Amino acid sequence: SSDDGTPTSDATATAATDASATPSDDATDDGGFTADPGGPSEDTTVHTAIETAIAQMDGSRAFDLEHEDDGNAYEIDVTDGTTVTEVRISSDGTSVQRTETDDLDGDDQRELEAATVEMAEAVDIALGEQGGLVTDVELDTENDVVIWEVQVRASDDVEHDVDIDAASGDVLKVDTDR
């Protein structure tokens with residue numbers, strides 16, 4: 001796909017459902033955002049959504065996630081190393097609404113090869129730094145280092161960007177958008 005996420009070749013769209021996934025017990029109407037006054041907030045449905053997307057392709061890895069602004073769905077890109085499938089997942093993370101498959105581009109392939117930290121691990125690391133709702137996760141290269149860029153919206157609606165080294169899991173930077 002191109003830098004803006006649009007397919008670079010003809011893509012095929014298919015509808016699918018995943019009846020094997022079950023909703024998280026602590027998922028809430030606000031997309032899984034729960035606040036724990038004694039500790040950090042956590043986003044419970046993002047893990048379910050990642051697992052549901054990965055289940056659509058044997059041996060796949062997730063490398064890009066967007067929680068749509070209206071909160072009605074996740075769009076998660078997964079790959080088997082040669083193709084990429086964009087999977088649209090329901091807001092509770094349990095059902096597939098549609099899939100679209102394309103070829104994996106060279107930049108994404110190089111970043112995936114360098115990343116030993118998986119997306120779900122990066123989400124956990126980011127939420128350990130800043131609790132809230134995960135709204136975007138992207139594998140990217142910055143200053144020749146492959147990183148996970150995790151965007152978290154705190155309960156006060158302030159956005160926090162957490163950059164995590166995709167090889168070591170070290171937090172490199174936390175920026176706050178005020």
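The numbers here are math on the coordinates, done by the rules we state, and not lab data. In this text, all values refer to a predicted model and were calculated from it rather than measured experimentally. Quick reminder, even Gly has a Cβ in these numbers, built from the backbone with ideal geometry, and neighbours come from all protein chains shown.
Brief remarks on what is shown
- Alpha carbon convex hull of the stretch 61-178, projected area averaged over orientations, nm²: 7.4 nm²
- Cα-projected label distance for Glu129 with Ala114, points at 7 Å along beta-carbon direction, nm: 1.7 nm
- Extension reserve of the Ala167-Arg98 stretch, reckoned as 0.36 nm per residue once the Cα distance is removed: 21.7 nm
- Estimated from the Cβ-Cβ distance and a Förster radius of 30 angstrom, the FRET efficiency linking Arg178 and Asp144 is about 0.55.
- Couplings for the stretch 55-67, taken from phi via the Karplus curve 6.51 cos²θ - 1.76 cosθ + 1.60 with θ = phi - 60°, read 5, 7, 9, 4, x, 8, 10, 8, 9, 8, 9, 9, 8 Hz in order; Gly and Pro are left as x.
- Residue list for the stretch 44-86, given a label point 7 angstrom along the Cα-to-Cβ vector of Asp157 and an amide N cut-off under 14 Å: 70
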